[in-house]
Amino acid sequence: MTRTISIVLADDHALVRGMLTNRLSAEPDLRVVASVGNAEEAVAEVLRLRPDIVLMDVDMPGMLCFEAARTIRKQSPNSRVLFLGSSCRDQDIEQTLDVQAWGYVTKTESEEALVEGIRKVSSGVAYFSPEAKARIVADASGTHLVGGSRSRLSTLSERETVVLRYIARGLSQKEIARLMHISPHTVNRHCNNLMAKLDIHDRVELTRFAIREGLAEA
(Lines give C-alpha, C1' and ligand atoms only; values in the text may rest on other atoms or scores of the structure.)
Protein backbone atom coordinates (compact mmCIF):
# COMPACT_ATOMS: atom_id res chain seq x y z
CA MET A 1 0.00 0.00 0.00
CA THR A 2 1.30 3.48 -0.91
CA ARG A 3 2.12 5.66 2.08
CA THR A 4 -0.01 8.78 2.39
CA ILE A 5 1.92 12.05 2.70
CA SER A 6 0.24 14.46 5.12
CA ILE A 7 0.50 18.18 4.36
CA VAL A 8 -0.14 21.40 6.26
CA LEU A 9 -0.70 24.19 3.74
CA ALA A 10 -0.13 27.85 4.64
CA ASP A 11 -0.97 30.72 2.27
CA ASP A 12 -2.68 34.01 3.06
CA HIS A 13 -4.82 33.89 -0.10
CA ALA A 14 -7.95 31.78 0.44
CA LEU A 15 -8.38 31.19 -3.29
CA VAL A 16 -4.81 29.86 -3.62
CA ARG A 17 -5.31 27.61 -0.59
CA GLY A 18 -8.50 26.22 -2.06
CA MET A 19 -6.97 25.56 -5.47
CA LEU A 20 -3.87 23.91 -4.00
CA THR A 21 -5.92 21.81 -1.59
CA ASN A 22 -8.11 20.52 -4.43
CA ARG A 23 -5.14 19.81 -6.68
CA LEU A 24 -3.03 18.04 -4.07
CA SER A 25 -5.97 16.05 -2.72
CA ALA A 26 -6.53 14.66 -6.22
CA GLU A 27 -3.29 12.69 -5.81
CA PRO A 28 -3.89 9.30 -4.13
CA ASP A 29 -0.79 9.60 -1.92
CA LEU A 30 -1.23 13.23 -0.80
CA ARG A 31 -3.56 14.52 1.90
CA VAL A 32 -3.93 18.14 3.06
CA VAL A 33 -4.68 17.81 6.77
CA ALA A 34 -4.87 21.54 7.49
CA SER A 35 -5.08 24.77 5.50
CA VAL A 36 -4.22 28.06 7.23
CA GLY A 37 -3.66 31.72 6.37
CA ASN A 38 -0.49 32.66 8.25
CA ALA A 39 2.73 31.28 9.70
CA GLU A 40 1.60 31.39 13.34
CA GLU A 41 -1.39 29.21 12.53
CA ALA A 42 0.89 26.93 10.52
CA VAL A 43 3.16 26.37 13.53
CA ALA A 44 0.15 25.61 15.75
CA GLU A 45 -1.26 23.08 13.27
CA VAL A 46 2.13 21.45 12.72
CA LEU A 47 2.59 20.94 16.46
CA ARG A 48 -0.93 19.53 16.70
CA LEU A 49 -0.87 17.26 13.64
CA ARG A 50 2.86 16.52 13.07
CA PRO A 51 2.52 16.37 9.25
CA ASP A 52 5.12 15.04 6.85
CA ILE A 53 5.24 18.25 4.80
CA VAL A 54 4.64 21.92 5.56
CA LEU A 55 3.97 23.78 2.30
CA MET A 56 4.32 27.45 3.22
CA ASP A 57 4.11 30.67 1.23
CA VAL A 58 7.09 32.97 1.87
CA ASP A 59 5.02 36.19 1.85
CA MET A 60 2.37 36.23 4.56
CA PRO A 61 1.43 38.83 7.16
CA GLY A 62 2.40 38.32 10.79
CA MET A 63 5.18 35.94 11.77
CA LEU A 64 7.87 35.50 9.13
CA CYS A 65 7.72 32.14 7.41
CA PHE A 66 11.44 31.68 8.05
CA GLU A 67 10.96 32.15 11.80
CA ALA A 68 8.11 29.64 11.64
CA ALA A 69 10.40 27.20 9.84
CA ARG A 70 12.99 27.49 12.62
CA THR A 71 10.35 26.73 15.22
CA ILE A 72 9.04 23.77 13.24
CA ARG A 73 12.52 22.35 12.76
CA LYS A 74 13.13 22.47 16.52
CA GLN A 75 9.73 21.33 17.77
CA SER A 76 8.60 18.98 15.00
CA PRO A 77 11.83 17.85 13.27
CA ASN A 78 10.11 15.16 11.21
CA SER A 79 7.91 17.80 9.51
CA ARG A 80 9.76 19.04 6.44
CA VAL A 81 9.25 22.62 5.27
CA LEU A 82 8.90 23.35 1.57
CA PHE A 83 8.56 27.04 0.70
CA LEU A 84 6.34 28.38 -2.06
CA GLY A 85 7.18 31.78 -3.55
CA SER A 86 5.74 34.03 -6.23
CA SER A 87 9.27 34.90 -7.39
CA CYS A 88 12.84 33.78 -6.85
CA ARG A 89 14.51 36.50 -4.79
CA ASP A 90 18.07 35.95 -3.57
CA GLN A 91 17.12 36.92 -0.02
CA ASP A 92 14.39 34.28 0.09
CA ILE A 93 16.67 31.56 -1.23
CA GLU A 94 19.40 32.55 1.22
CA GLN A 95 16.95 32.44 4.12
CA THR A 96 15.63 29.07 2.92
CA LEU A 97 19.15 27.70 3.20
CA ASP A 98 19.78 29.42 6.53
CA VAL A 99 16.75 27.83 8.21
CA GLN A 100 17.59 24.44 6.65
CA ALA A 101 14.27 24.09 4.88
CA TRP A 102 13.89 21.26 2.38
CA GLY A 103 13.21 23.31 -0.70
CA TYR A 104 11.72 26.24 -2.56
CA VAL A 105 9.16 26.07 -5.37
CA THR A 106 8.15 29.12 -7.38
CA LYS A 107 4.48 29.63 -8.24
CA THR A 108 5.43 29.78 -11.91
CA GLU A 109 6.19 26.05 -11.77
CA SER A 110 3.66 23.54 -13.06
CA GLU A 111 1.31 21.66 -10.75
CA GLU A 112 3.20 18.49 -11.62
CA ALA A 113 6.48 20.05 -10.49
CA LEU A 114 4.98 20.96 -7.12
CA VAL A 115 3.66 17.43 -6.65
CA GLU A 116 7.07 16.04 -7.59
CA GLY A 117 8.72 18.41 -5.12
CA ILE A 118 6.45 17.30 -2.28
CA ARG A 119 7.13 13.64 -2.99
CA LYS A 120 10.89 14.16 -3.19
CA VAL A 121 11.02 16.12 0.05
CA SER A 122 8.89 13.48 1.74
CA SER A 123 11.43 10.85 0.65
CA GLY A 124 14.31 12.85 2.10
CA VAL A 125 15.52 14.63 -1.05
CA ALA A 126 15.65 18.44 -1.14
CA TYR A 127 13.79 20.08 -4.02
CA PHE A 128 14.35 23.51 -5.56
CA SER A 129 12.77 24.97 -8.69
CA PRO A 130 15.32 25.20 -11.53
CA GLU A 131 15.54 29.00 -11.18
CA ALA A 132 16.34 28.68 -7.48
CA LYS A 133 18.67 25.72 -7.94
CA ALA A 134 20.72 27.69 -10.48
CA ARG A 135 21.55 30.22 -7.75
CA ILE A 136 22.82 27.64 -5.27
CA VAL A 137 26.27 26.10 -5.04
CA ALA A 138 27.57 23.42 -2.68
CA ASP A 139 31.29 23.43 -1.86
CA ALA A 140 33.67 22.85 1.04
CA SER A 141 32.21 25.81 2.93
CA GLY A 142 28.64 24.50 2.68
CA THR A 143 25.57 25.29 0.59
CA HIS A 144 25.08 28.94 -0.32
CA LEU A 145 24.11 31.38 -3.05
CA VAL A 146 26.36 31.67 -6.07
CA GLY A 147 28.70 34.57 -5.46
CA GLY A 148 27.71 34.89 -1.80
CA SER A 149 26.06 37.95 -0.27
CA ARG A 150 26.10 41.04 -2.43
CA SER A 151 25.32 43.75 0.11
CA ARG A 152 25.81 45.03 3.63
CA LEU A 153 23.30 42.42 4.73
CA SER A 154 26.17 39.94 4.97
CA THR A 155 27.33 41.72 8.14
CA LEU A 156 24.07 40.98 9.99
CA SER A 157 23.29 38.10 12.30
CA GLU A 158 20.27 35.86 11.68
CA ARG A 159 18.26 37.59 14.41
CA GLU A 160 19.17 41.04 13.13
CA THR A 161 18.02 40.06 9.65
CA VAL A 162 14.70 38.86 11.08
CA VAL A 163 14.21 42.17 12.93
CA LEU A 164 15.05 44.07 9.74
CA ARG A 165 12.42 42.10 7.80
CA TYR A 166 9.79 42.99 10.38
CA ILE A 167 10.86 46.66 10.28
CA ALA A 168 10.40 46.58 6.50
CA ARG A 169 6.81 45.49 7.09
CA GLY A 170 6.20 48.53 9.27
CA LEU A 171 5.83 46.65 12.57
CA SER A 172 6.46 48.42 15.87
CA GLN A 173 9.09 47.23 18.32
CA LYS A 174 6.33 45.89 20.57
CA GLU A 175 4.82 43.88 17.69
CA ILE A 176 8.23 42.54 16.70
CA ALA A 177 8.91 41.52 20.30
CA ARG A 178 5.65 39.56 20.44
CA LEU A 179 6.29 37.71 17.19
CA MET A 180 9.89 36.87 18.10
CA HIS A 181 9.08 36.04 21.74
CA ILE A 182 11.68 38.49 23.04
CA SER A 183 11.47 41.72 25.04
CA PRO A 184 11.01 45.17 23.43
CA HIS A 185 14.35 46.08 25.03
CA THR A 186 16.04 43.28 23.07
CA VAL A 187 14.35 44.45 19.87
CA ASN A 188 15.62 47.97 20.52
CA ARG A 189 19.14 46.60 21.00
CA HIS A 190 18.89 44.75 17.67
CA CYS A 191 17.72 47.98 15.99
CA ASN A 192 20.68 49.89 17.40
CA ASN A 193 23.04 47.16 16.19
CA LEU A 194 21.44 47.28 12.75
CA MET A 195 21.91 51.02 12.43
CA ALA A 196 25.52 50.78 13.64
CA LYS A 197 26.45 47.95 11.25
CA LEU A 198 24.66 49.49 8.26
CA ASP A 199 25.75 53.06 9.01
CA ILE A 200 22.12 54.17 9.07
CA HIS A 201 21.01 56.73 11.61
CA ASP A 202 17.20 56.55 11.87
CA ARG A 203 14.39 54.02 11.53
CA VAL A 204 12.94 55.61 8.39
CA GLU A 205 16.21 55.11 6.52
CA LEU A 206 16.47 51.63 7.97
CA THR A 207 13.04 50.82 6.56
CA ARG A 208 13.97 52.22 3.15
CA PHE A 209 17.16 50.17 3.12
CA ALA A 210 15.24 46.99 3.98
CA ILE A 211 12.72 47.60 1.18
CA ARG A 212 15.52 48.29 -1.35
CA GLU A 213 17.14 44.99 -0.36
CA GLY A 214 13.91 43.10 -1.01
CA LEU A 215 13.17 42.27 2.62
CA ALA A 216 9.62 43.64 2.59
CA GLU A 217 6.68 41.62 1.33
CA ALA A 218 6.36 41.50 -2.44
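The values are calculated or read from the model by the stated rules, or taken from the named source; none is laboratory data. Small disclaimer: the values here were computed from a predicted structure and weren't measured. Here Cβ is always computed from backbone atoms with ideal geometry, including for glycine, and neighbour counts include all displayed protein chains.
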L30 - would you say it is under 24 Å from I167 (Cβ atoms) and either in contact with a strand residue (DSSP E or B) (Cβ under 9 Å, 6 or more places away or on another chain) or crowded, with 19+ Cβ neighbours inside 10 Å (or both)?
no
Pairs please, first residue from the stretch 107-132 and within 21 Å of V146 (Cα to Cα), second anywhere and at pLDDT 95 or above and of a type in the set (D, E, K, R), Cβ atoms under 8 Å, 6+ apart in sequence or on different chains.
A126/K120; Y127/E116; Y127/K120
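From V105, V36, V43, which residue is at pLDDT 95 or above, among the β-branched types (V, I, T) and under 12 Å from D11 (Cα atoms)?
Values: V105 fails: under 12 Å from D11 (Cα atoms); V43 fails: under 12 Å from D11 (Cα atoms).
Selected residue: V36, the only one of V105, V36, V43 that is at pLDDT 95 or above, among the β-branched types (V, I, T) and under 12 Å from D11 (Cα atoms).
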Which condition does R17 not pass, out of (1) touching a residue at least 24 places away in the same chain (Cβ under 8 Å); (2) buried (at least 17 other Cβ atoms within 10 Å of the Cβ); (3) touching a Leu at 6+ places or on another chain (Cβ under 8 Å), if it passes all the others?
(1)
Going through the stretch 1-32 in order, the residues found to be of a type in the set (V, I, T) and farther than 22 Å from T106 by Cα are T2, T4
Look through the stretch 5-63, keep the residues that are among the small types (G, A, S) and in a loop (DSSP other than H, G, I, E, B), and return whichever of them is nearest to Q95 (Cα to Cα).
G62
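Table: residues versus (1) β-branched (V, I, T); (2) surrounded by 13 or more Cβ atoms within 10 Å (Cβ to Cβ); (3) not assigned by TED's automatic domain parsing to the domain that holds I72.
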{"position": "I176", "(1), (2), (3)": "yes, yes, yes"}
{"position": "L179", "(1), (2), (3)": "no, yes, yes"}
{"position": "S183", "(1), (2), (3)": "no, no, yes"}
{"position": "N188", "(1), (2), (3)": "no, yes, yes"}
{"position": "C191", "(1), (2), (3)": "no, yes, yes"}
{"position": "M195", "(1), (2), (3)": "no, yes, yes"}
{"position": "D199", "(1), (2), (3)": "no, no, yes"}
{"position": "D202", "(1), (2), (3)": "no, no, yes"}
{"position": "T207", "(1), (2), (3)": "yes, yes, yes"}
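Being farther than 26 Å from V16 by Cα and among the charged types (D, E, K, R) is the filter; apply it to the stretch 132-146 and report the residue that is modelled with the highest pLDDT. Quick ask: steps written out before the conclusion?
Looking only at the stretch 132-146, we keep the residues that are farther than 26 Å from V16 by Cα, and these are 134-146.
Okay, now just the ones that are also among the charged types (D, E, K, R), so 135, 139.
Values: R135: 79, D139: 70.
So the residue we want is R135.
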Those residues of the stretch 113-131 that are modelled with pLDDT under 95 and loosely packed, with under 14 Cβ neighbours inside 10 Å come to a total of 1
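Can you tell me how many residues within the stretch 64-107 are among the hydrophobic types (A, V, I, L, M, F, W, C), assigned to a helix (DSSP H, G or I) and under 16 Å from A42 (Cβ atoms)?
Step one: of the stretch 64-107, the residues among the hydrophobic types (A, V, I, L, M, F, W, C) are 64-66, 68-69, 72, 81-84, 88, 93, 97, 99, 101-102, 105.
Narrowing the set further to residues that are assigned to a helix (DSSP H, G or I) leaves 65-66, 68-69, 72, 93, 97.
Filter again for under 16 Å from A42 (Cβ atoms), leaving 65-66, 68-69, 72.
Total satisfying the criteria: 5.
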